[in-house]
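First the structure, in the form of structure tokens, and then the observations on it.
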Amino acid sequence: MVGDVHDKLELELRRGVVVLAVLSGLRTLRYGYELRQSLIAVGMPIEEGTLYPLLRRLESQGVLTSQWQATQGPSRRYYVLSDAGADLLDRLTGTWHGITKAMDDILDEGRRDDT
């Protein structure tokens, strides 16, 4: 029971930060699979069925730009932050730091109360 609750809540936490992780990973030009692998490598797994619709949505919102590039294999769609996306990343990063500071303070206070 507790394990199930943990798994569901962990999934909710990850969903809440996936946009920030994707934006951060697209400071440089990358194609979807490359981005996904880099996120997995740092402990932020993301399913293809989540990533690709998110990339298309962010592009339609003007946060990303994309271009097709021919490679040795099939052509790949590469994504990168637009100017608006870079601004959004900066703003969301500030928000993230504020939230994590507040949560660190809340969690630390809880530990002090336990002693």
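Exactly one residue among Leu55, Leu51, Leu20 is surrounded by 15 or more Cβ atoms within 10 Å (Cβ to Cβ), in contact with a Lys or Arg (Cβ under 7 Å, 6 or more places away or on another chain) and not in a loop (DSSP other than H, G, I, E, B), and that residue is Leu51. Taking region 34-44 as the search range and keeping residues that are touching a residue at least 12 places away in the same chain (Cβ under 8 Å) and out of contact with any Pro (no Cβ under 9 Å at 6 or more places or on another chain), which one is surrounded by the fewest Cβ atoms within 10 Å (Cβ to Cβ)? The selected residue is Ser38. Can you pull out the residues in region 23-40 that are outside any helix (DSSP H, G or I) and polar (S, T, N, Q)? Of everything in region 23-40, just one residue is outside any helix (DSSP H, G or I) and polar (S, T, N, Q), namely Thr28. Applying the set (1) within 16 Å of Trp96 (Cβ to Cβ); (2) at pLDDT 95 or above; (3) not small (Gly, Ala, Ser) to Leu35 leaves exactly one unmet item: (1). Annotation note: Cβ proximity below 8 Å between a residue of region 66-82 that is closer than 16 Å to Pro53 by Cα and a residue that is acidic (Asp, Glu) and surrounded by 14 or more Cβ atoms within 10 Å (Cβ to Cβ) (sequence gap 6+ or interchain) occurs for Ser66/Glu59; Tyr79/Glu59.
If the condition is being among the β-branched types (Val, Ile, Thr), over 14 Å from Ser24 (Cβ atoms) and outside any helix (DSSP H, G or I), then region 58-115 contributes Thr65, Thr71, Thr115. For Asp114, work out the one condition from (1) at pLDDT 95 or above; (2) among the charged types (D, E, K, R); (3) surrounded by fewer than 10 Cβ atoms within 10 Å (Cβ to Cβ) it doesn't fulfil. Tallying (1) at pLDDT 95 or above; (2) among the charged types (D, E, K, R); (3) surrounded by fewer than 10 Cβ atoms within 10 Å (Cβ to Cβ), Asp114 fails exactly one: (1). Pro45 versus (1) in a helix (DSSP H, G or I); (2) modelled with pLDDT under 95: which is the lone unmet condition? Checking Pro45 against (1) in a helix (DSSP H, G or I); (2) modelled with pLDDT under 95, the one that fails is (1).
The values are calculated or read from the model by the stated rules, or taken from the named source; none is laboratory data. Being a predicted model, the structure only gives us computed values, none of them experimental. For neighbour counting, all protein chains shown are included, and Cβ atoms are generated from backbone atoms with ideal geometry for every residue, glycine included.
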